[in-house]
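Working notes for the structure below.
The values are calculated or read from the model by the stated rules, or taken from the named source; none is laboratory data. These numbers come from a predicted model, not from an experiment. Cβ placement follows ideal geometry from the backbone for every residue including glycine, while neighbour counts extend to all protein chains displayed.
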Amino acid sequence: MNESLAIRARELTRTFGAFTAVDHITFDVRAGEVFGFLGANGAGKTTAIRMLTGLLAPSGGEAVVAGHDIRTESEAVKRDIGYMSQRFSLYDDLTVRENIQLYGGIYDLPPAEIRARMRRMLDRLGLQRSESALVRSLPLGWKQKLAFSVALLHEPRIVFLDEPTGGVDPITRRQFWELIYEAAHAGTTVFVTTHYMDEAEYCDRISIMVAGRIGALGTPHELKAQFGAASLDDVFVRLARPERAAGAAGAPGEPLAPRGATP
Amino acid sequence: MNALRGLLRKEGYHILRDRRTLMVLILMPIVQVVLFGYSIRTDVTDVRLAIVDPAPDPVTLALRGRLAATNLFRTVAVLPRASELEPLFKRDAAQVAVVFEPRLGERLARGLPARVQVISDATEPNTGVARQSYVAAVIEAWDRERRAAEGGRGGGIQIVPDSRMRFNPTRESSNLFVPGLMAMVLTIIASMMTALSLTREKETGTMEGLLVSPLRPWQIVIGKVAPYLAIGFIGVIAVLAEARLIFHVPVRGSLALLLGEGLLYILVSLALGIVISARTSSQRVAMMAALVGTMLPTVLLSGFIFPIESMPWPLRWLANIVPAKWFVAIARGIMLEGTGIAYLWPETLVLMVMALVLLAVSARSFNVRLE
């Protein structure tokens, strides 16, 4: 087993009846990198994440997450990963402290350790005075930063972020990404899905899923070069909606679709 | 264990901080006992009495006088034939009728059984029973005095009030409301609240957070449902205590057995709630499913309000799969008849099987992770 790999997926597949949501995807995520997992809605991102986090059993293929086989060692996988979904996993009617204590308890941290980590976390976030505030009363941006920090409370090797910055302003998103970089510098692998292409630019490497397959994989720079596109936006549109992109953003040297053919 | 304690504490916060729901959960049983208790009143006052006296003699006249003297009854008619009673009952002119056997006094004097039939209109079953027993008590009191006065002469003769219920022949399931009310309260708390609190976690996305954690599914389930088990148990005790204090409803059998059976029923209801929550993804749908799937059957098919025996066979058959039916039968047996486990084991066994099957199904549906 290669220790420098955080995630190693081979021919990972998931079908729902006749529908193949994830179709034999193969990729590696290196330890300590920020890996962007992109794709249009319905491309299979969420299904893939659910398999990698042990929420869903794969129909075929294999994957090793944090050194554990997701098929046979899903409990060990769960101990070594953190998770934050687009709807963030905090309880609105619990206070900041109660939320932290709950998750600390769930991951079996001793109470003294939970208190110490909570201090450090709240200092870092500047939330010391909101310790006893109900999460409901916090602004959305703060909730998301808090949810991210709580997902890191048990110091997982990999943290999965499923559209973590939905619905917040660009400044808050930038602050959120500073937290992501901080975690990555501290050695945590970050696996993040997003619909914001400026965020995709922040990633070390990205993959773009199209109809259950991985359509492209590489650094943002490599992908732009490979597709001859000016921005990741163009790369994404060209992969996800090839018929529309052909008319709109055709690179030089590529045959343009005849005007009449585009609806 | 640390994790489970944390989960339980968290669920406690949810419950305590949702003040409105908490008030509903606590006040509902208390208010319902009063509502049901007074809407199914069994007090007997100013009862319209019809008397059928085919051949008046000193004994029947004395009995008629005694009944009139109690002030509880107002004699509305004295008829020669029992067949003339029917229209009176139908018009609601009479609520209870006393039918004397012909030659009552003569039979008494000769030491033969002398029968007095007491018929009551049992469209309101509890009141019907109460009126009937009042009439019987008055007649029996007169008879005791007569025998005492005669000093043993003609001893062994007694009036046999041969009671028959009209218009509601299934007096057997007359509704003493407390057992049914307990079933209803437990259904609301255990099934509906469990289903709601589990689907709420799905709706808000926090369930995913729990599922990707190292928590075992059974820990999540226990963490979610144990608090409602506790509240349900408190509800049962509140209903029993209140019914006892205000309406003097007895618990003739073993209180421990009753509480144990209550716990078993809570388990069945909790498992139903989990099954519902596994099949639904929003609180609104879960609420509807819980109402239609558990509340309505509990109210309509448990024998709580409507006697099962007088239902058409498809409904009677359907009632068998309603857990509340079995619990109401058990609770009635223990509370009203003082029956013990020796006679109630079949019903208990049914509930146990239901609990096992539903718990297995709910555990399985919980293992089938988020789609």
| note | Selection from segment A:162-174 of residues closer than 15 Å to A:SER149 by Cβ and either in contact with a His (Cβ under 7 Å, 6 or more places away or on another chain) or crowded, with 18+ Cβ neighbours inside 10 Å (or both) yields A:PRO164, A:THR165
| task | Out of A:ASP69, A:ASP93, A:ASP80, report the one residue that is farther than 24 Å from A:GLY167 by Cβ, among the acidic types (Asp, Glu) and touching an Asp or Glu at 6+ places or on another chain (Cβ under 8 Å). | result | A:ASP69
| remark: The residue from A:ARG50, A:ARG14 that alone is closer than 15 Å to A:ILE158 by Cβ, of a type in the set (Lys, Arg) and within 14 Å of chain B (Cβ to nearest Cβ) is A:ARG50
| Residue selected from segment B:1-60 under the condition within 14 Å of chain A (Cβ to nearest Cβ) and part of a loop (DSSP other than H, G, I, E, B), by the criterion modelled with the lowest pLDDT | B:MET1
| Which of the following residues is over 22 Å from A:THR219 (Cα atoms) and not basic (Lys, Arg): A:GLY32, A:GLY36, A:GLY17, A:GLY44? | A:GLY17
| query | Quick check: anything in segment A:100-107 part of a loop (DSSP other than H, G, I, E, B), in contact with a Leu (Cβ under 9 Å, 6 or more places away or on another chain) and free of Cβ contacts under 8 Å to residues at least 60 places away in the same chain? | reply | yes
| query | When the residues of segment A:104-128 are filtered to those that are facing another protein chain (nearest Cβ under 7 Å) and more than 23 Å from A:VAL192 (Cβ to Cβ), which remaining residue is surrounded by the most Cβ atoms within 10 Å (Cβ to Cβ)? | reply | A:GLY105
| query | helices (runs of 4 or more DSSP H) wholly in segment B:99-211 with at least 3 residues that are hydrophobic (A, V, I, L, M, F, W, C) and modelled with pLDDT under 80 - which ones? | reply | B:125-149
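Considering each of B:GLY232, B:GLY253, B:GLY209, B:GLY273 in turn, give the residue that is among the small types (Gly, Ala, Ser), under 30 Å from A:PRO156 (Cβ atoms) and surrounded by 18 or more Cβ atoms within 10 Å (Cβ to Cβ).
Being among the small types (Gly, Ala, Ser), under 30 Å from A:PRO156 (Cβ atoms) and surrounded by 18 or more Cβ atoms within 10 Å (Cβ to Cβ) holds for just one of B:GLY232, B:GLY253, B:GLY209, B:GLY273, which is B:GLY209.
Report whether or not B:ALA130 is closer than 19 Å to B:TRP142 by Cβ, among the small types (Gly, Ala, Ser) and in contact (Cβ under 8 Å) with a residue 24 or more places away in the chain.
No: the conditions fail for B:ALA130.
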| Matching residues, segment B:280-308, being part of a helix (DSSP H, G or I), of a type outside the set (A, V, I, L, M, F, W, C) and either touching a helix residue (DSSP H, G or I) at 6+ places or on another chain (Cβ under 7 Å) or surrounded by 17 or more Cβ atoms within 10 Å (Cβ to Cβ) (or both) | B:GLN283, B:GLY293, B:THR294, B:PRO297, B:THR298
| Restricting attention to segment A:108-134, which residues are under 28 Å from B:TRP218 (Cβ atoms) and either polar (S, T, N, Q) or outside any helix (DSSP H, G or I) (or both)? | A:ASP108, A:LEU109, A:PRO110
| Taking segment A:77-103, which residues are more than 8 Å from chain B (Cβ to nearest Cβ) and of a type in the set (Gly, Ala, Ser)? | A:GLY82
| field | Condition check for B:PHE366: of a type in the set (Phe, Trp, Tyr), at pLDDT below 85 and not in a helix (DSSP H, G or I) | value | no
| Residue match in segment B:259-270 (condition: under 17 Å from the mean Cα position of the chain (by Cα) and part of a loop (DSSP other than H, G, I, E, B)) | no
| query | So which residues in segment A:216-231 are without any contact (Cβ under 8 Å) to a residue 40 or more places away in the chain and closer than 11 Å to A:LEU38 by Cα, if there are any at all? | reply | A:ALA216
| query | Say we look at segment B:212-228 and pick out the residues that are hydrophobic (A, V, I, L, M, F, W, C), within 14 Å of another protein chain (Cβ to nearest Cβ) and assigned to a helix (DSSP H, G or I); which of these is surrounded by the fewest Cβ atoms within 10 Å (Cβ to Cβ)? | reply | B:TRP218
| field | Of residues in segment A:219-263 being at pLDDT 70 or above and of a type in the set (Ser, Thr, Tyr), the one surrounded by the fewest Cβ atoms within 10 Å (Cβ to Cβ) | value | A:THR219
| message | What are the pairs with Cβ atoms under 9 angstrom where one residue, in segment A:54-67, is in contact (Cβ under 8 Å) with a residue 60 or more places away in the chain and more than 14 Å from chain B (Cβ to nearest Cβ) and the other, located anywhere, is crowded, with 21+ Cβ neighbours inside 10 Å and assigned to a loop (DSSP other than H, G, I, E, B)? Sequence gap at least six, or different chains. | response | A:VAL64/A:ILE70
| task | Residues being touching a residue at least 12 places away in the same chain (Cβ under 8 Å) and either part of a helix (DSSP H, G or I) or among the basic types (Lys, Arg) (or both): count how many of those fall in segment A:135-169. | result | 15
| request: Identify, by number, the condition in (1) over 24 Å from B:GLY6 (Cβ atoms); (2) assigned to a helix (DSSP H, G or I); (3) of a type outside the set (S, T, N, Q) that A:LEU12 doesn't meet. | output: (2)
| remark: Within segment B:202-211, residues at the interface with chain A (Cβ under 7 Å from one of its Cβ atoms) and not hydroxyl-bearing (Ser, Thr, Tyr) come out as B:GLY205, B:GLU208, B:GLY209, B:LEU211
| query | Which condition breaks for A:ILE70 when tested against (1) touching a residue at least 40 places away in the same chain (Cβ under 8 Å); (2) within 14 Å of chain B (Cβ to nearest Cβ)? | reply | (1)
| request: For residues that are assigned to a helix (DSSP H, G or I) and β-branched (Val, Ile, Thr), scanning just segment B:315-356, find the one that is surrounded by the fewest Cβ atoms within 10 Å (Cβ to Cβ). | output: B:VAL353
